[in-house]
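Shown next, in structure tokens, is the structure this report addresses.
The values are calculated or read from the model by the stated rules, or taken from the named source; none is laboratory data. Please read these numbers as outputs of a predicted model, since none were measured by experiment. We place every Cβ from the backbone using ideal geometry, glycine too, and count neighbours over all the protein chains shown. Note: areas computed on protein heavy atoms with side chains; ligands, DNA, RNA excluded. Shrake-Rupley method; radii C 1.70, N 1.55, O 1.52, S 1.80 Å.
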Amino acid sequence: MKKVLIYCPVFYPQNGGYANAFQNMIRALVDQTADLQLHIVTPQKLDNNQELEVQNCKITRIDDEAVINLNKLPFFMTKIAALFNLFIQAFNRAKQVKQLLDQEQYDMLFIETLEDVLLLTYLPKRYFDNLLVRVHATEETEGFIYKNNMLSKLKVFFLKSSVMKKLQYICATNSYHVNFVKEHYLEKNVFEISKKTFFTLPNTIYDRNNILKTNAKRHANKKIKVLTLGRMNRDGFLQKGFDDFINGLILSKEEVFDRIDLTIVGSGEYQEFLKEKAKKNNLNINFISSITHEESIELLLQNDVVVLLSRFEGHSMFALEALATRNAVLFSNTGGLIDMVEENGKLVEVQDIDDFVLKFEKIILSGDEKIEQMKEASYRLYLKKFSNASISQRFEKFMKIMDGNR
């Protein structure tokens, strides 16, 4: 029986991209691998929820309480106290992880995301011989490098000065962000890069109810359903390219609108701006503020084309679900989206509205048969590269490589 300790900073019961991605991978691994035992360690509070039950999987929720209560401090002291909490909490998390590692022998220590930089900084070098960290993006990549704030700069400092010197095994959910790590955290230093081993381990979807096997073909001459989704707060608006999408629609041919039924899902302070802009330009768009994850899957199953014009992106779970639910796709040529487009759609150059218009019109006006072919190609691509079986097989092979190097 192989034993793996997995540290997840964000986990059930939180319902979001990271938490869902972690949970999907864990379920896929234990479902596909008979001789694997997982120990999940997370600072995520369970609150009043019932603990998750997964076969061959133990869950430990470690203490992550703040040392200083910021609410009781004068405003001018809160930033210093918050920084103090940051270091002490990370030290305590690392201490608890070390205790678990010392109590039992594990074949691998798997760290989900680089975001908990300080925990990795506090872990002694001896634990890195069988440690694999997975980079998800975009907070731990583009966010760390390009956000002009003290916390991001602090994390980059510790990544470069400590963590990257200890790490031997690095994987990412996509090839783009493997190269991002080499360029920004290893500074293109070929000698330092050559000391590391790099893998890609994409996200997957755990389809417990087999709903992804649904194969309902669209009816000829019906309107083509087009969907995009994302956060509409300030950061989400900048990242997800909603404005590029609306601008592209404004520039599109009239005959395109006779063929499509448009839906945008997302909430935040920029939703009203997008609604008003659509209204002023006579764009008939169905805006949905909030849906559950289950409802989003149902919406995707009824959809035909998914558009995601992110300016930067990791291995988007929404994009992956678009493939698994048989949608033709139009994605930005960036991040993890690059790995998800072959015969199933087209890649659009980032923030190139003319390129989007050209390729959007080509897909919409290509005819029902061509769209149906792209939809089926999406599902085939999902099965080939992102299925539970594919991900678990890659994970097992990583373990063999690491074991052979020791």
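Does A172 count as small (G, A, S), open to solvent by less than 60 Å² (accessible area, probe 1.4 Å) and modelled with pLDDT of 95 or more?
Taking the combined requirement at face value, the residue satisfies it.
For residues that are at pLDDT below 90 and in contact with a Phe, Trp or Tyr (Cβ under 7 Å, 6 or more places away or on another chain), tally how many sit in region 221-249.
Summing the residues that are at pLDDT below 90 and in contact with a Phe, Trp or Tyr (Cβ under 7 Å, 6 or more places away or on another chain) in region 221-249 gives 0.
Hey, any hits in region 162-177 for a residue that's assigned to a helix (DSSP H, G or I), more than 20 Å from the chain's Cα centre (by Cα) and among the β-branched types (V, I, T)?
Yes, because at least one residue in region 162-177 is assigned to a helix (DSSP H, G or I), more than 20 Å from the chain's Cα centre (by Cα) and among the β-branched types (V, I, T).
Going through I111, I88, I68, I62 one at a time, which residue ends up being open to solvent by less than 80 Å² (accessible area, probe 1.4 Å) and over 29 Å from C171 (Cα atoms)?
I68
With respect to V133, is the statement that it is under 16 Å from K195 (Cβ atoms) and surrounded by 16 or more Cβ atoms within 10 Å (Cβ to Cβ) true?
Answer is yes for this residue.
Report, by residue number, each residue of region 139-155 that is touching a Phe, Trp or Tyr at 6+ places or on another chain (Cβ under 6 Å) and either small (G, A, S) or open to solvent by less than 20 Å² (accessible area, probe 1.4 Å) (or both).
T141, E142, S152
Please verify whether R218 is modelled with pLDDT under 95, assigned to a loop (DSSP other than H, G, I, E, B), within 24 Å of L337 (Cβ to Cβ) and more than 27 Å from the chain's Cα centre (by Cα), treating the condition exactly as stated.
So R218 passes the test.
Condition test on L212, is it touching a residue at least 24 places away in the same chain (Cβ under 8 Å), among the hydrophobic types (A, V, I, L, M, F, W, C) and farther than 25 Å from L5 by Cα?
Judged against the criteria, L212 is a match.
Which residues, counting only those in region 3-39, are open to solvent by less than 30 Å² (accessible area, probe 1.4 Å), in a loop (DSSP other than H, G, I, E, B) and of a type in the set (S, T, N, Q)?
Answer for region 3-39, where residues must be open to solvent by less than 30 Å² (accessible area, probe 1.4 Å), in a loop (DSSP other than H, G, I, E, B) and of a type in the set (S, T, N, Q): just T33.
Can you report the number of residues in region 253-272 which are within 25 Å of K222 (Cα to Cα) and either in contact with a Gly (Cβ under 7 Å, 6 or more places away or on another chain) or of a type outside the set (A, V, I, L, M) (or both)?
Adding up the residues that qualify gives 8.
Could you check how many residues of region 248-270 are part of a helix (DSSP H, G or I) and surrounded by fewer than 18 Cβ atoms within 10 Å (Cβ to Cβ)?
Adding up the residues that qualify gives 6.
Let me spell it out: the conditions are (1) within 22 Å of the chain's Cα centre (by Cα); (2) of a type in the set (F, W, Y); (3) surrounded by fewer than 16 Cβ atoms within 10 Å (Cβ to Cβ), and F191 meets all of them except one. Which number is the exception?
(1)
Can you find even one residue in region 369-383 that is out of contact with any helix residue (DSSP H, G or I) (no Cβ under 6 Å at 6 or more places or on another chain), in a loop (DSSP other than H, G, I, E, B) and open to solvent by 30 Å² or more (accessible area, probe 1.4 Å)?
Looking through region 369-383, none of the residues is out of contact with any helix residue (DSSP H, G or I) (no Cβ under 6 Å at 6 or more places or on another chain), in a loop (DSSP other than H, G, I, E, B) and open to solvent by 30 Å² or more (accessible area, probe 1.4 Å).
Can we say D235 is more than 24 Å from L337 (Cα to Cα), of a type in the set (D, E) and surrounded by fewer than 16 Cβ atoms within 10 Å (Cβ to Cβ)?
Taking the combined requirement at face value, the residue does not satisfy it.
Consider V97 carefully, then state whether it is open to solvent by less than 90 Å² (accessible area, probe 1.4 Å) and either touching a residue at least 40 places away in the same chain (Cβ under 8 Å) or basic (K, R) (or both).
It is true that V97 is open to solvent by less than 90 Å² (accessible area, probe 1.4 Å) and either touching a residue at least 40 places away in the same chain (Cβ under 8 Å) or basic (K, R) (or both).
Does region 117-126 hold any residues that are open to solvent by 20 Å² or more (accessible area, probe 1.4 Å) and either hydroxyl-bearing (S, T, Y) or closer than 14 Å to Y7 by Cβ (or both), and which are they?
Matches in region 117-126: T121, Y122.
Could you count how many residues in region 271-299 are in a helix (DSSP H, G or I), aliphatic (A, V, I, L, M) and either modelled with pLDDT under 95 or surrounded by fewer than 20 Cβ atoms within 10 Å (Cβ to Cβ) (or both)?
3
Of everything in region 302-358 that's part of a helix (DSSP H, G or I) and among the charged types (D, E, K, R), which residue is surrounded by the fewest Cβ atoms within 10 Å (Cβ to Cβ)?
D354
A quick yes/no check of all residues on (1) farther than 22 Å from T200 by Cα; (2) within 26 Å of the chain's Cα centre (by Cα); (3) assigned to a helix (DSSP H, G or I):
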| position | (1), (2), (3) |
| --- | --- |
| N48 | yes, no, no |
| L52 | yes, yes, no |
| I59 | yes, yes, no |
| I88 | yes, no, yes |
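Which one is modelled with the highest pLDDT among residues in region 126-147 that are under 12 Å from the mean Cα position of the chain (by Cα) and assigned to a loop (DSSP other than H, G, I, E, B)?
Once the filter is applied, the top-ranked residue is H136.
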